[in-house]
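In what follows, a structure is listed as structure tokens, so that the remarks can point back to it.
The values are calculated or read from the model by the stated rules, or taken from the named source; none is laboratory data. Predicted model, so just to flag it, every value in this text is computed and none were measured. In this analysis, Cβ positions are derived from the backbone assuming ideal geometry, glycine residues included, and neighbour counts consider all displayed protein chains. SASA here: full protein model, heavy atoms, side chains in, ligands and nucleic acids out. Shrake-Rupley method; radii C 1.70, N 1.55, O 1.52, S 1.80 Å.
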Amino acid sequence: MKQHSIKEPVSATGIGVHSGKKTTITLLPAPENTGIVFIRNKISIKATVNNVSNTLMATTIGEGENSVTMVEHLMSACAGMTIDNLYIWCSEKEMPIFDGSATTYCHLIKSAGIRKQNATRMYLRVTDSFTVESNGAKMTLHPYSKHLIDFNMTTTHPAFKNNHSYKYNLKKNYEDVIAPARTFGYVKDLARLNSVNLANGASNENCIPLDDYKTTIPKRFPNEMIRHKVLDVIGDFYLLGHPFIGKIECKDSGHKVNNMAIKYMMDNGLYQIYKKRF
């Protein structure tokens, strides 16, 4: 399979879910073997695990003013849409949340057009099984022939009926079954998050609020919350710089454990980069 970029620049404006600030992004075509590169204050920040600086409620790459946060939704869309090379110019530090899913990012990529490039796409395969865990969350990676995610959530919250187990192979219908799944949060946590300058832009328009018993707006899928967790895993794993091949078993994992797993794999040489055709 060949690498892909977009054909034309495309821009969009939205708010950051944590900052509440309006931000404009522009997606730009990039040459072969560039990877995904964010541009902030004229500084280029390659979207790789080595550039991750924070995983609190989002994945952040870069440092200080020369950083970009909430990159996982666009990274997920790039993985799902097979975009290998892309520049993203950002007017602010936080990427737009849009409706809380990756659908708008997919639409932007499609509106810009997808361009096949001459270079061959390379894949990163995990070569040995291992487990990382933190505060009860756990992730295990196994060698496997596909990009398979097996996600399990152990919460007893009543709203999570149908959201305890979900398996997904990245090859299948990303735009229809994963991209539309929105982020979610607990209404009771909003004041506390606002007090530490988080979730300032959160609303019913960009996330699924949950009270003590239910979601307060309709879900797009009965298992929308666990599908969004899978969306995040896909985005975080695209920070490997190549499409991932392997089985990912998740138990209540979030950005911290996602990034712990890929960093452990890279630091310990438990991977191989190779050519593969589906």
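So which residue, out of Phe98, Phe184, Phe130, gets the largest mean-square fluctuation from a GNM of the chain using Cα contacts under 10 Å as springs?
Of Phe98, Phe184, Phe130, the Gaussian network model singles out Phe130 as fluctuating most.
Under the rule a/c < 1.5 gives rounded, and otherwise a/b versus b/c splits prolate from oblate, where does the stretch 100-176 land using the Cα gyration tensor? Intermediate results must be reported in sequence, preceding the final value.
On the way: a/c = 2.71, a/b = 1.33, b/c = 2.04.
It comes out oblate by the Cα gyration axes.
Given the pairs Lys42/Lys263; Lys161/Lys251; Lys93/Lys275; Lys2/Lys172, which are separated by over 24 angstrom at their Cα positions?
Working: Lys42/Lys263 27 Å; Lys161/Lys251 16 Å; Lys93/Lys275 35 Å; Lys2/Lys172 19 Å.
Beyond 24 Å between Cα atoms: Lys42/Lys263; Lys93/Lys275.
Which three semi-axes in whole Å describe the equivalent ellipsoid of the stretch 160-278, each the square root of 5 times a Cα gyration tensor eigenvalue, listed largest first?
Details: eigenvalues 177, 66, 30 Å².
Here the semi-axes work out to 30, 18, 12 Å.
On average, how much area does the Cα convex hull of the chain cover when viewed from any direction, in nm²?
Reported value for the Cα convex hull: 13.3 nm².
Leaving out same-chain residues fewer than 8 places away, which aspartates and glutamates sit with a Cα under 19 Å from that of Lys167?
Asp150, Glu175, Asp176, Glu224, Asp232, Asp236, Glu249, Asp252
Among the listed pairs Lys46/Lys229; Lys110/Lys214; Lys146/Lys188, give every one whose C-alpha distance is greater than 29 Å.
Checking Cα-Cα distances, Lys110/Lys214; Lys146/Lys188 exceed 29 Å.
From the phi angles alone, apply the Karplus equation (6.51, -1.76, 1.60; θ = phi - 60°) to the stretch 131-148 and give each ³J(HN,Hα) in whole Hz, x where the residue is Gly or Pro.
Whole-Hz 3J(HN,Hα) from phi for the stretch 131-148: 10, 10, 8, 7, 6, x, 8, 8, 9, 10, 10, 10, x, 6, 8, 10, 9, 10.
Around Ala119, which amide H atoms from residues at least 5 apart in sequence, or from another chain, sit under 5 Å from its own amide H, with H modelled in the peptide plane?
Answer set, sorted by chain and number: Gln3.
For the stretch 66-122 and the stretch 191-208, what is the separation of their C-alpha centers, rounded to whole Å?
If you average the Cα positions of each part, the centres end up 23 Å apart.
Along the stretch 185-197, what does the Karplus equation 6.51 cos²θ - 1.76 cosθ + 1.60 (θ = phi - 60°) give for ³J(HN,Hα), rounded to whole Hz, x for Gly and Pro?
x, 9, 4, 5, 8, 4, 4, 5, 5, 4, 5, 10, 6
Using a 1.4 Å probe, what is the accessible area per residue for the stretch 108-249, in Å²?
47
Give, as ranges by residue number, the residues of the stretch 29-65 whose backbone N falls under 17 Å from the point 7 Å along Cα→Cβ of Leu193.
From the stretch 29-65, the list is 55-60.
If you wrap a convex hull around the C-alpha atoms of the stretch 1-110 and split its volume per residue, what is the figure in Å³?
So the per-residue hull volume is 97 Å³.
By the scheme Lys and Arg +1, Asp and Glu -1, what is the net charge of all other residues having a beta-carbon under 10 Å from that of Ala199?
For residues surrounding Ala199, the net value is 0.
First obtain the Kirkwood hydrodynamic radius of the stretch 151-224 from its Cα pairs, then insert it into the Stokes-Einstein equation at 25 °C and 0.890 mPa s, and state the resulting D in µm² per second as a whole number.
179
If Lys and Arg each add +1 and Asp and Glu each add -1, what is the summed charge of the other residues whose beta carbon sits under 12 Å from the beta carbon of Asn66?
Taking every Cβ under 12 Å from that of Asn66, the sum is +1.
Gain in length, Lys22 to Ile273, computed as 0.36 nm per residue apart minus the alpha-carbon separation, to one decimal in nm?
Result: 86.5 nm gained on full extension.
In sequence order, what are the phi-derived ³J(HN,Hα) couplings for the stretch 35-43 according to the Karplus relation 6.51 cos²θ - 1.76 cosθ + 1.60 with θ = phi - 60°, rounded to whole Hz, with x for glycine and proline?
Values, residue by residue: x, 9, 10, 8, 10, 9, 6, 6, 9 Hz.
Of the accessible area of the stretch 1-138, with the probe set at 1.4 angstrom, what percent is carbon plus sulfur? Display every interim value, and only then the final one.
On the way: 2690 of 5610 Å².
It is 48 percent, rounded to a whole number.
With the chain treated as a Gaussian network of Cα nodes joined by springs under 10 Å, which of Gly64, Gly241, Gly80 yields the largest mean-square fluctuation?
Gly64
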